[in-house]
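*Asks:* This is the structure, below, for whatever I ask next.
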Amino acid sequence: MDVAQPKDFLLSIEGLSVSFDGFKAVNDLSLYVEENEIRVIIGPNGAGKTTVLDLICGRTRASEGSIRFRGTELTKLREHEIVHAGVGRKFQNPSIYEDLTVFENLELSFPRGRSVLGALAFRRDAEVINRVEEIAEMIFLKDHLETDAAILSHGQKQWLEIGMLLIQSPELLMLDEPVAGMSVSERIKTAELLNTIIQKHSVIVIEHDMKFVEDIAHRVTVLHQGQVLSEGSMERVKNDPKVVEVYLGH
Amino acid sequence: MSPALFLFRKREWISFAILAFILVVVFPTLFDNFRLNLIGKYLTYSFVALGLVLCWGYGGILSLGQGIFFGLGGYCMAMFLKLEASTPEATAIQSTPGIPDFMDWNQLTSLPFWWQPFHSFTFTLFATIAVPVALAFIISVAMFKRRVGGVYFAIITQAIAAILTILIIGQQGYTGGVNGITDLRTLLGWDIRSDNARYVFYFICVALLLASLLLAQFVRVSKFGRLLIAMRDKEDRVRFSGYDVANFKIFIFCLSAALSAIGGAMFTLQVGFMSPSFVGIVPSIEMVIFCAVGGRLSIFGAVYGALLVNAAKTSLSETFPELWLFAMGGLFIAVVMVFPEGVAGLFRQHVEPLITRGISLVRIGKVRKPRPTAE
């Protein structure tokens, strides 16, 4: 199907809806993300921010609408197939393997040997080790490779999960509140990290911390009651009277 | 984790060697044929416990129905042996000679078609593994593809164990009913009840067990083993790292079924019969207890757990038969509350540090020795 599109977006969401027991968590939502863009989604609690990410990564099935990623329809794919297509997802609470070391956490996320037989035959060769070390350096955990993930600090766990996404080399990373619970210095480092990341990836971030949003965002989308309330640069969104009323005002 | 040593680390190779030494040398020299046969019977349960270490300990999939696979493996072997024992000459007094005695008692006049292939030993060896694995595959595909897990999976496996028992007992004419398949005599013309045969079966059982340990270790140290731990911990994260989680669960469940089936077949050969009392809920839960007592994260613990609990069961039920169930319940509570990592955990916590200290003392001693001469 060669439908000419006005512009080649990396991700285009059109007419997306999902309802839980009659409640429309996302309602006829359309959203476009370009390549190498950092898009921040903000909005009050219950606006449907996390649900949008869940829909993109296949955790929740859409009732209506389409999500196209580089021309591939994602709504029909299963979770791991969406990952293979190039979409990575970080959860709100750091979701890492506590019983494994930092190295093993990253190694399991390395995109090779993902089938049963592949996993049995997987060998930890130089390529894997180099890549793990490279990523560990980026996420400030180079000196903690042999540490059990369980004893990392909260901020380090967040970084580790970001690293687990990076090692998959996804084209699109989706981060749900990556700086929640981080100290000020950790936030600054995370902003730095994100700025390195976007040289090669597009990123969708959900965030509440306005200072952080201003530091990183190219464009901001404000969600409210499952719909886009406003979209544009941080400056524009901040001065939008509708946004002030529902969200930023208090 | 140096790749120089194959499969095991140095310390694990020592554990493996010690276990092999105990099974191959110590037990056969220490015990008479009767006791050795008994140990061989206990060892058949360690195959099940080993499967549970992988499936439950590492993968977090609790199966309360391993008796299903143990039983099916055992029944496949028993069917072959029964057919061999039911020659027309040996069953001449029956109204239909040439079919197993229980079929004759139940007014069957010909061998059911699905018994026919069990005339072949090759087919039987194949079916011993294939039948239980096929059932495990069906169960696990149905469950895991629909993302049924945890307690629900445990309950369903338990229900299937109950169903299979009822089915076996109910279809007396085809299965031998509650008595099971008994009066097994020869394997390819060789009397399985002779001392000689029992001796040989013990060593076959040990060899298979050691091979299974190596196989389990191969899975454990591969990336698959780390994925099992990851799935137990954060299943969603594994899924969103690009793995089809259900496939991994199906594989490990089928592998544990295959191990149980080998145990079941060796049980039939060494004990000389198979009955529904090794299939149902109670034996299946006992198997989980063997694994828990041994230590659900230790492949060697599985073997020791099965040996210890069964030895305790035999000696206790010889003297106080009615006490055994209470002892079993108490044991399970003790494992959960006092030593959740089982015997292997106790060993790791209390004995291993002593050994390490001992070794380092000896080493220091060696270094110090030349000193007096220098002074």
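The values are calculated or read from the model by the stated rules, or taken from the named source; none is laboratory data. This one's a predicted model, so the numbers in the text were calculated from it and none came from an experiment. Reconstructed Cβ throughout: ideal geometry from the backbone, glycine too, with neighbour counts over all protein chains shown. Accessible surface is based on the protein model in full, side chains and every heavy atom, while ligands, DNA and RNA are left aside. Shrake-Rupley method; radii C 1.70, N 1.55, O 1.52, S 1.80 Å.
*Asks:* Can you pull out the buried accessible area for chains A and B, both sides counted, probe 1.4 Å, rounded to the nearest 100 Å²?
*Replies:* Accessible area lost upon association: around 2700 Å².
*Asks:* Across bins of 10 angstrom width beginning at 0, how are the C-alpha pair distances of the stretch B:51-204 distributed, in whole percent?
*Replies:* 10, 33, 30, 20, 7, 1
*Asks:* Okay, moving on. Per the helix-only calculation at 222 nm, which mean residue ellipticity applies to chain A, given -39500 (n - 2.57) for every DSSP H run of n ≥ 4 and division by its residues, nearest 500 deg cm²/dmol?
*Replies:* It comes out at -9500 deg cm²/dmol, rounded to the nearest 500.
*Asks:* Still on this structure, I have one more. Checking buried surface per residue: for the stretch A:89-105, which residues lose a minimum of 30 Å² accessible area in the protein assembly relative to the chain alone (1.4 Å probe)?
*Replies:* Going by heavy-atom accessible area, the residues of the stretch A:89-105 that drop by at least 30 Å² are A:91, A:95, A:97, A:99, A:100, A:104.
*Asks:* Sticking with this structure for a sec: If one takes the longest principal axis of the Cα atoms in chain B, at what angle in degrees, from 0 to 90 and to the nearest 10, does the Cα axis of helix B:223-233 lie?
*Replies:* Tilt of helix B:223-233: around 90 degrees.
*Asks:* What distance in nm separates the two pseudo spin-label positions at residue A:123 and residue B:20, each 7 Å out from Cα along the beta-carbon direction?
*Replies:* Taking the two extended label points, one gets 2.4 nm.
*Asks:* Just to be sure I understand the curve: with the Debye formula and one point per C-alpha of chain A, what is log10 I(q)/I(0) at q = 0.11, 0.16 Å⁻¹?
*Replies:* Cα-only, vacuum Debye calculation for chain A: -0.60, -1.22.
*Asks:* In degrees from 0 to 90, rounded to the nearest 10, what is the angle of the helix B:352-368 Cα long axis to the longest principal axis of chain B?
*Replies:* 40
*Asks:* Please give the Cα centre distance for the stretch A:53-99 versus the stretch B:181-246, rounded to the nearest Å.
*Replies:* 36
*Asks:* Using a 1.4 Å probe, what is the accessible area per residue for the protein assembly as shown, in Å²?
*Replies:* 45
*Asks:* So which lysines can residue B:41 reach, going by Cα to Cα under 27 Å and dropping same-chain residues fewer than 8 places off?
*Replies:* Filter leaves B:82, B:313.
*Asks:* Then there is this: Nearest 10 degrees is fine. How inclined is helix B:121-144 to the longest principal axis of chain B, computing both from alpha carbons?
*Replies:* Tilt relative to chain B: about 70 degrees.
*Asks:* Across 10 Å bins from 0, what is the distribution of all Cα-Cα pair distances for the stretch B:32-324, in whole percents?
*Replies:* 7, 28, 33, 21, 9, 2, 0
*Asks:* If you rank B:248, B:203 by how much accessible surface each has, with a 1.4 Å probe, what is the order from largest down?
*Replies:* B:203, B:248
*Asks:* Still on this structure, please answer the following. Just for the protein assembly as shown, what percent of DSSP beta bridges are antiparallel, to the closest 5?
*Replies:* 60
*Asks:* Taking a quarter of the surface of the Cα convex hull of the protein assembly as shown, what do you get in nm²?
*Replies:* One quarter of the hull surface, i.e. the mean projection, equals 39.8 nm².
*Asks:* Sticking with this one: Using 0.36 nm per residue of separation minus the Cα-Cα distance, give me the extension gain between residue B:314 and residue B:116 in nm, one decimal.
*Replies:* 67.6 nm
*Asks:* May I pose another question? Output wanted: per-residue J couplings in Hz (rounded whole) for the stretch A:80-90, from phi through Karplus 6.51 cos²θ - 1.76 cosθ + 1.60, θ = phi - 60°, x for Gly and Pro.
*Replies:* Computed from phi, the couplings for the stretch A:80-90 are 5, 6, 5, 4, 4, 5, x, 10, x, 10, 10 Hz.
*Asks:* Also: Can you give me the distance in nm between label points at residue A:30 and residue B:106, each placed 7 Å from the Cα along the Cα-to-Cβ direction?
*Replies:* 6.9
*Asks:* If you add up the charges near residue A:65, with Lys and Arg at +1 and Asp and Glu at -1, over every other residue whose beta carbon is less than 15 angstrom from its beta carbon, what do you get?
*Replies:* With Lys, Arg at +1 and Asp, Glu at -1, the neighbours total -1.
*Asks:* How compact and how long is the stretch A:13-114, expressed as Rg and Dmax of its alpha-carbon atoms in Å?
*Replies:* 15.3, 44
*Asks:* Also: Could you please state how large a percent of the accessible area of the stretch A:67-118 is carbon and sulfur, counting protein chains only and using a 1.4 Å probe?
*Replies:* Exposed carbon and sulfur together represent 49 percent of the surface.
*Asks:* Any of B:145/B:223; A:76/A:200; A:211/A:238; B:223/B:249; B:145/B:249 with alpha carbons more than 18 Å apart? Name them for me.
*Replies:* B:145/B:223; A:76/A:200, as the Cα separations exceed 18 Å there.
*Asks:* If each of residue B:327 and residue A:73 carries a label point 7 Å out from its Cα toward its Cβ, how far apart are those two points in nm?
*Replies:* Here the answer is 6.5 nm between the modelled labels.
*Asks:* For the stretch A:158-249, which trypsin sites (Lys or Arg not before Pro) are both in a DSSP coil and crowded by at most 15 other Cβ atoms within 10 Å?
*Replies:* Qualifying residues, ordered by number: A:200.
*Asks:* What are the residues of the stretch B:214-229 that lose 50 Å² or more of accessible area, with a 1.4 Å probe, going from their chain alone to all protein chains?
*Replies:* By number: B:223, B:226.
*Asks:* Can I ask one more? What residues in the stretch B:245-270 lose 10 Å² or more of accessible surface when the other protein chains are added to their chain alone (1.4 Å probe)?
*Replies:* The answer is B:247, B:248, B:251 - residues whose exposure falls by at least 10 Å² when every protein chain is included.
*Asks:* 222 nm [θ] for chain B, helices only, -39500 (n - 2.57) per DSSP H run of 4+, per residue, to 500?
*Replies:* -22000 deg cm²/dmol
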